[in-house]
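Asker: Input: one structure, supplied below.
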Amino acid sequence: MNCLFGYPNICLLARRYNNFWTPRGDVFDIGIATSQAIDRLANGEKPDLAGGFDVSSNGNGSLMRIAPLVFYLLDKPINERFEIAKQVSSITHGHIRSVIACFYYLEFARQLFVQRDKFEIYKNLQPEITTHLNALSINPAEIALMAVY
């Protein structure tokens, strides 16, 4: 979490994936996409390009670690919130589907600070996020997947 206070230093955040978050320096129970991204980082890849961008690189690795970012994003405009979520997700999972999942999760968590009813939050976020993603010219098929749930 310390790295987030120095954001947007995603290079520092990415470096910490290299044996920093492990007990006794041993990596265990990470997904293939995360493992491949860590290897790319160790070989000098830029953090926002380390995560795989193809559909088979999707996973929940970036989603599992994204929640603390909500505190940094609380007062940021939506464009900045999306861009930061994209950069942080892309350290290990760069495909737009993973990015959208992280962005949606952060937007939902952000709303929990001002509104308690999760069903109302869900109802309000659907059109807001869809509109924002459409404005960014994101593949409509990827946006439609979000509406399925």
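The values are calculated or read from the model by the stated rules, or taken from the named source; none is laboratory data. Values in this document were obtained by computation on a predicted structure and should not be read as measured data. Here the Cβ is made from the backbone with ideal geometry for all residues, glycine too, and neighbour counts use every protein chain on show.
Asker: Kindly provide the set of residues from region 47-87 that are surrounded by fewer than 19 Cβ atoms within 10 Å (Cβ to Cβ), among the small types (Gly, Ala, Ser) and touching a helix residue (DSSP H, G or I) at 6+ places or on another chain (Cβ under 7 Å), ordered by number.
Answerer: Answer for region 47-87, where residues must be surrounded by fewer than 19 Cβ atoms within 10 Å (Cβ to Cβ), among the small types (Gly, Ala, Ser) and touching a helix residue (DSSP H, G or I) at 6+ places or on another chain (Cβ under 7 Å): just 67.
Asker: Considering only residues that are in a helix (DSSP H, G or I) and within 11 Å of the chain's Cα centre (by Cα), look in region 49-67 and name the one that is modelled with the highest pLDDT.
Answerer: Going residue by residue through region 49-67, those that are in a helix (DSSP H, G or I) are 49-50, 55-57, 61-65, 67.
Now narrow it down to the ones that are within 11 Å of the chain's Cα centre (by Cα): 61-65, 67.
Values: 61: 85, 62: 90, 63: 89, 64: 89, 65: 88, 67: 93.
Selected residue: 67.
Asker: Of everything in region 27-46 that's without any contact (Cβ under 8 Å) to a residue 12 or more places away in the chain and assigned to a helix (DSSP H, G or I), which residue is surrounded by the most Cβ atoms within 10 Å (Cβ to Cβ)?
Answerer: 40
Asker: Still on this structure, I have one more. Can you pull out the residues in region 69-86 that are over 11 Å from the mean Cα position of the chain (by Cα) and over 18 Å from residue 134 (Cα atoms)? Talk me through it step by step, then tell me what you get.
Answerer: To start, the set of residues in region 69-86 that are over 11 Å from the mean Cα position of the chain (by Cα) comprises 71-80.
Listed by number, the residues that qualify are 71, 72, 73, 74, 75, 76.
Asker: Here is a further query. Just the residues that are among the small types (Gly, Ala, Ser) and free of Cβ contacts under 8 Å to residues at least 24 places away in the same chain, please, taken from region 72-105. Please lay out each step first, then the result.
Answerer: Step one: of region 72-105, the residues among the small types (Gly, Ala, Ser) are 85, 89-90, 94, 98, 101.
Answer for region 72-105, where residues must be among the small types (Gly, Ala, Ser) and free of Cβ contacts under 8 Å to residues at least 24 places away in the same chain: just 85.
Asker: Additional query: Within region 94-142, can you find the residues that are under 14 Å from residue 69 (Cβ atoms) and not in a helix (DSSP H, G or I)?
Answerer: Once the filter is applied, which keeps residues that are under 14 Å from residue 69 (Cβ atoms) and not in a helix (DSSP H, G or I), region 94-142 yields only 113.
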